[in-house]
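**Q** Quick one: structure below, then a few questions.
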Amino acid sequence: MLPSRPLAPLVLAAILLPCCGGQPSDESPRLNVVLISMDSVRQDRLGPYGHKPEFAPEIAITPHLDALATEGVVFDSAWTTTSWTLPSHMSMMTGLPDSTHGVVHDYVRMDPLRVTLAEHFSTAGYTTAGFYSGPYLDPKYGFGEGFTFYESGMMPEAERETWIRRRIDELETERRTQGRPPGNPQQDFTNMRDRLSHEDITSPRINEFGLNFLDAHAGEPFFLFLHYFDAHYDHIPEKMEPGLGKKFDPEYQGNFSPDRWYFSPEVRTFANGRPQRVIGDRDLRHILAWYDAEIHWVDRHVGQVLAKLDELGIADQTIVAVVSDHGDEFFEHGNIGHRTTLFPEVLQVPWVMKVPGEARAGTRVPDVVRLYDLAPTLVDYALGDTLSGAEGGSARPYVEQRFSAVPREALGHLSNIGPAGNGLFRAQTQEVWRDGRYSLHRMLGTPQPMRNGQTDPAKFQQSMFPGGVPYFFFDRTNDPFEQSPLPRDHPEFAQAVERFRLSVTANRQHRQSLAESPLDRIYPKAMTEEERRTLIDLGYLDPSTTLVEAQLRLPRFAPYPLPR
């Protein structure tokens, strides 16, 4: 295990100081809130959703989440808004789908006019704290708004070079022992810098922050956000705890190590720009076993937070919600990782929640809920209030099984931007609509290139999938993983397109009802070279991306056209 980083002195001092707001009055908020986000965790790999490790079924993969589920509510049909971290967490914090909050690529931040969950709780008299462990939750995107404390749990820059130098020294010692010639110092530094973001283990630091915060603020209303990144690829459970990976696949006899699986040519190659699977079935199942091990590791840290609430005697005064921002693909639709598709393996996410005083232990909610319903739900339960500007709504009517609850439909988006000449760019967006049974996917694109720095919104038109197909249409009752598209002459196809159109219309109307800041207010601060390297190392940017290209000033996207 990598050593935990001590809290920055000023941050630690601020957390441990008594709150200047005094004790809550009779009109103070009823319940504290702990919101936990497990990055890159699929719904179908968790205990509350029936998963047992393939090669170690006797091990409870998520015992602490299982216990929370027996005391609270499990949402079986919870859908995130996209398949990568930045937009999905923005939806989590604002109650807005991606096309409304607009933070759908690396080059914009949240409009300052939007109200975040932390801002709402802060205004209500809560002490607010957020501790994150991935680069896309950086405050430059607006995530720090409303937090009294907002701190990264990633390895601080001052420690990174020391870590890299130590690893290079270890490598040189190994070379000398084996009688090999010395390496190239610059190449070694580059290689170890690449390894850092995949070997940094952050959950202990996140818990150090979070548990210290709870110790200091248990006697006052608080909102605590914890983000765990350790289940994100690559998978290194043996570095988290020796024997942890082997525990989940004890009989494995192969030679493949999942600690570089996402980048390995032994896993996939590319032909005509499309991924081609290379890895065999048993090695892929070994990767999934190590993914399970990392999820187990994250659950252990979630358990420490739940135990602290019990120790402090505030569990019965605290809402706990555990969700994921997105899942990961393991060749279900021909690729791996995330940020490429909008299929269930990346968009159907866990949502487990316990609300004190609710006599609904063990309730399962089959209705569709969206990640942008999360913030309104927490505000409703904690304050009996609504979140200003939110497009999502509280999930409480579904938990309480009110017959008047209107079935919801979920929208998802994924935008990609590519160069189209000197200073010109094109955008392509995948969009998906889901109700309780059917799914419709469509493709959108910019018919005209965007110009870097232009002020006019980029307009889209509906385009075709490969093969000239306008929509992919699925019946999830019979095809839950969306493997076999239905034909256009299916009796429900036209009605699904019409309902998709109505959902997009409502989304566009809500977006147009919100005031917008000038463009200059939504550009994040300039990306540093360190940040560029981190995003390349995590696979989010192509290695050829220059620093200039990584900090573009692209226009807003115009409202998407209605499905037709």
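**Q** Would you give the gap between the C-alpha center of the range 54-87 and the C-alpha center of the range 307-338, rounded to a whole Å?
**A** Measuring centre to centre over Cα atoms gives 6 Å.
**Q** Which order, highest average first, do 427-433, 127-133 follow once you tally other Cβ atoms within 10 Å for each residue and take the mean per peptide? Intermediate results must be reported in sequence, preceding the final value.
**A** Values: 427-433: 21.4, 127-133: 25.9.
The densest-packed peptide leads the list: 127-133, 427-433.
**Q** Could you derive backbone 3J(HN,Hα) for the range 504-517 from the dihedral phi with the Karplus parameters 6.51, -1.76 and 1.60 (θ = phi - 60°), listing whole Hz in sequence and x where the residue is Gly or Pro?
**A** Those phi angles translate into 5, 4, 5, 4, 5, 5, 5, 4, 5, 7, 9, 5, 10, 7 Hz.
**Q** Explain nothing, just the number: dipole magnitude of the chain about its Cα centre with +1 on each Lys and Arg Cβ and -1 on each Asp and Glu Cβ, in debye rounded to the nearest 20. Don't skip to the answer; put the middle values down first.
**A** Details: 56 positive and 76 negative charges, 310 e Å.
Using only the charged Cβ atoms, the result is roughly 1480 debye.
**Q** Now a separate question. Would you mind getting me the FRET efficiency between LEU113 and GLN178? Use the beta-carbon distance for r and R0 = 56 Å, nearest 0.05.
**A** Working: r = 60 Å, r/R0 = 1.08.
The value I calculate is 0.40.
**Q** List GLU220, GLU530 from most exposed to least, where exposure is judged by having the fewest other Cβ atoms within 10 Å.
**A** Values: GLU220 17, GLU530 11.
If I rank by nearby Cβ atoms, fewest first, I get GLU530, GLU220.
**Q** With semi-axes √(5λ) of the Cα gyration tensor in Å in mind, check (1) 52, 29, 22; (2) 39, 30, 22; (3) 33, 31, 26 and report the label derived from this structure.
**A** Correct label is (3).
**Q** Taking the dipole about the Cα centre of the chain, with the C-beta of Lys and Arg at +1 and of Asp and Glu at -1, give me whichever of GLY423, SER257, TRP290 is farthest to the positive side.
**A** In the chain, that residue is GLY423.
**Q** If you don't mind, there's one more thing I want to ask. Using the Cα gyration tensor of the range 475-564, with a ≥ b ≥ c the square roots of its eigenvalues, what is the shape: rounded (a/c below 1.5), prolate (a/b larger than b/c) or oblate (neither)?
**A** Numbers: a/c = 3.76, a/b = 1.61, b/c = 2.34.
Judged from the Cα gyration tensor, the range 475-564 comes out oblate (a/c at least 1.5, b/c at or above a/b).
**Q** Here's another thing I want to ask about it. Just the number, please: percent antiparallel of the DSSP beta bridges in the chain, rounded to the nearest 5. Before the final figure, lay out each step's value.
**A** Numbers: 40 of 69 bridges.
Approximately 60 percent, going by the DSSP bridge assignments.
**Q** On to the next question. Given contacts defined as C-alpha pairs under 8 Å and at least six residues apart, what's the relative contact order of the range 127-177, whole-number percent? Kindly include the intermediate steps, with their values, before the conclusion.
**A** Numbers: 35 pairs, mean separation 17.6, N = 51.
Reported relative contact order: 35 percent.
**Q** May I pose another question? Taking only pairs that are 8 or more places apart or on different chains, how many Lys pairs in the chain have Cα atoms under 24 angstrom apart? Could the numbers behind the result be given before it?
**A** Details: LYS52/LYS239; LYS52/LYS246; LYS52/LYS247; LYS52/LYS354; LYS140/LYS525; LYS239/LYS247; LYS308/LYS354.
Lysine pair count for the chain: 7.
**Q** Let me check against my output: what whole-number percent is the relative contact order of the range 339-426, with C-alpha pairs under 8 Å and at least 6 apart?
**A** Values: 64 pairs, mean separation 25.4, N = 88.
Rounded, it is 29 percent for the range 339-426.
**Q** Moving to a separate point now. Evaluate the relative contact order of the chain (contact order divided by residue number), counting alpha-carbon pairs under 8 angstrom at least 6 apart; express in whole percent.
**A** On the way: 1098 pairs, mean separation 127.0, N = 564.
It rounds to 23 percent for the chain.
Bear in mind that the values in this text are calculations on the coordinates, not laboratory data. As the structure is a computational prediction, the values presented were derived from the model and not from experiment. Neighbour counts run over all protein chains shown; Cβ positions are idealised from the backbone, glycine included.
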